[in-house]
1. Considering only the stretch A:71-91, state which residues are more than 10 Å from chain B (Cβ to nearest Cβ) and either modelled with pLDDT under 90 or open to solvent by less than 30 Å² (accessible area, probe 1.4 Å) (or both).
2. In the stretch B:64-91, which residues are crowded, with 22+ Cβ neighbours inside 10 Å and more than 10 Å from every other protein chain (Cβ to nearest Cβ)?
3. So which residues in the stretch A:145-159 are in contact with an Asp or Glu (Cβ under 9 Å, 6 or more places away or on another chain) and open to solvent by less than 30 Å² (accessible area, probe 1.4 Å)?
4. If a residue must be among the aliphatic types (A, V, I, L, M) and surrounded by 24 or more Cβ atoms within 10 Å (Cβ to Cβ), how many such residues does the stretch B:92-133 contain?
5. Within the stretch B:81-104, which residues are touching a residue at least 24 places away in the same chain (Cβ under 8 Å), within 23 Å of A:I78 (Cβ to Cβ) and under 17 Å from the mean Cα position of the chain (by Cα)?
6. Would you be able to tell me the number of residues in the stretch B:8-54 that are open to solvent by 70 Å² or more (accessible area, probe 1.4 Å), at pLDDT below 75 and at the interface with another protein chain (Cβ under 10 Å from one of its Cβ atoms)?
7. Check whether at least one residue in the stretch A:136-144 is within 14 Å of chain B (Cβ to nearest Cβ) and in contact with a helix residue (DSSP H, G or I) (Cβ under 7 Å, 6 or more places away or on another chain), and report yes or no.
8. Sort through B:E156, B:E139 and tell me the only one that's farther than 26 Å from B:G100 by Cα and open to solvent by 90 Å² or more (accessible area, probe 1.4 Å).
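The values are calculated or read from the model by the stated rules, or taken from the named source; none is laboratory data. If you're wondering where the values come from, they're calculated on a predicted model, not measured in any experiment. Neighbour counts run over all protein chains shown; Cβ positions are idealised from the backbone, glycine included. Ligands, DNA and RNA are stripped out before the accessible areas are found, and what is left, the full protein with its side chains, is counted by its heavy atoms. Shrake-Rupley method; radii C 1.70, N 1.55, O 1.52, S 1.80 Å.
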Amino acid sequence: MKTIKTFLLMLFIAFSNLAFAANPSVPQEGGKQYAEVIKGNDTLMVNPMNKNLYGGPEVEAIKNWGIHSPNAVGWGNIFTILQGNYFSTIFAIIVILVPLAFLTHFMVVGQKKFEHGKKIRVFSNYNIIVHWCAAVPFVVLCLTGLVMIFGDKLGGGSFVRFARDVHGIATILFVIFGVLMFLMWIKHALFRAYDIQWLMIMGGYLSKEKKPVPAGKFNAGQKMWFWVCTVGGFIMAISGAYMYFQFADIETLRMMALLHNVLGFLVIALLITHIYMAVFAIEGALNSIIDGHMGEEEIAILHSYYYKEINAA
Amino acid sequence: MSNTTNILDNFSRIKFYCDTNRCIECHGCDVACKEAHHLPVGVNRRRVVVLNEGQVGKESAVSIACMHCSDAPCAQVCPVDCFYIRADGIVLHDKKTCIGCAYCLYACPFGAPQFPKNGVFESRGSMDKCTFCAGGPEETNSKEEYELYGQNRIAEGKVPMCASMCSTKALLAGSSEEVANIITHRATMRGENIPNAVPNVWKTAYGN
């Protein structure tokens, strides 16, 4: 729930600023024209003839030319500091530390093993196709995104440019199947009261005990991932489109770039988590999204409420 | 040695300065730049911005291009590190390394980076910006350098095209010291308070 709130807040910040792209009031000091610049600045921003001319920010920066003038405002400085010093480091920490944490988990707690005697069909063929058609472009998006982030280590040029083009093409595929996936699983992904219990025991992943875990068809972790990858992915696609087509004023573009990067942290961290959970944490869990069948014991323990639902029907 | 470095830092860096008391919005600079470098449609390395248009006594125009900042925000944010800064302070970039991500545009307070759009999907090519008429990383005055970055007038010992074409000599280009001397002189002749006329905080793009 907290993640959704954070998203909405970020989205709100991103779009509320559309209205306040130009600089508000700046105290008039010294030079005669500097304070008057503000008005000219607003005019430039709203003049339809100038929509392709990034007038505002330059004019704001001109104020820095004079003595006693206030510093240039806007998101450019914040973007420069964050992108210049922190973003690639944070991404590096995520792609190194998250897998390391799971490697530790794998070695300390180990895999969960269940009997695979009786199997129950949990996913339809439609579920499986849509999942993979969204998953493959999603992984491609994350990988090509990382190629761009660490472009300086890879030398830039044609390879990184190719990654950027693939990033754009994969987005189209992801958006189509992301929407289908959203509609397909939204009912099962709504949060319920027992999800809090799941979060409190960390989904039972910290112990080897086989005790029924409070979860429906999807557990709280899967639900969080669902919202991040569909709604978050949609916001990623929108902010990416803004950056690609540049159809907004410079301040909005800057905020879209910030949003794209910050969401990127979350998306990549959770993608690694999702892959670990499906492939390594539970033995044979990956099969459920390949052939649609899940072992009865696995459902009874890891999705206890869903198990009751099936038995009741 | 350190003294020399200090002098280099403070005075020998090249600078553009547009004297708003003189700029008459003739667009001579941007036309000259486009023509000299054979820039494609939609790419404007230099632009003239008018403030308070039509308001008598308040209207002023200013010519904007890459300001070749010493803290160059574009170079800081580039994910592929395609920027390099010459000893004289000219900020240049390698178009063959650039991936056209536009992060430099988001970082730049002057809107200097330009992105030519081409193809059906409006895909953006490599970034293009003012080079202070100093070409790029390719061999000086080679055909390739001309095609990618335009004329290299600095190598020929000339000032940038825009400043040389400015009919009112509003647009100044040169070392910080030379430019500061000219505008201080002009301000003194006008009887203005000198510190207000001397741009002593135009070293960096953001803050001071």
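1. At the first step, the residues of the stretch A:71-91 found to be more than 10 Å from chain B (Cβ to nearest Cβ) are A:86, A:89-91.
Once the filter is applied, which keeps residues that are more than 10 Å from chain B (Cβ to nearest Cβ) and either modelled with pLDDT under 90 or open to solvent by less than 30 Å² (accessible area, probe 1.4 Å) (or both), the stretch A:71-91 yields only A:F91.
2. B:C66, B:H68, B:V91
3. If the condition is that a residue be in contact with an Asp or Glu (Cβ under 9 Å, 6 or more places away or on another chain) and open to solvent by less than 30 Å² (accessible area, probe 1.4 Å), then A:G151, A:G156, A:G157 are the ones that fit.
4. Looking only at the stretch B:92-133, we keep the residues that are among the aliphatic types (A, V, I, L, M), and these are B:92, B:99, B:102, B:105, B:107, B:112, B:120, B:127.
If we keep only those that are surrounded by 24 or more Cβ atoms within 10 Å (Cβ to Cβ) as well, we get B:99, B:105, B:107, B:112, B:127.
Result for the stretch B:92-133: 5.
5. The answer is B:V91, B:H93, B:C104.
6. Result for the stretch B:8-54: 1.
7. Yes: one or more hits.
8. Numbers: B:E139 fails: farther than 26 Å from B:G100 by Cα.
The match here is B:E156.
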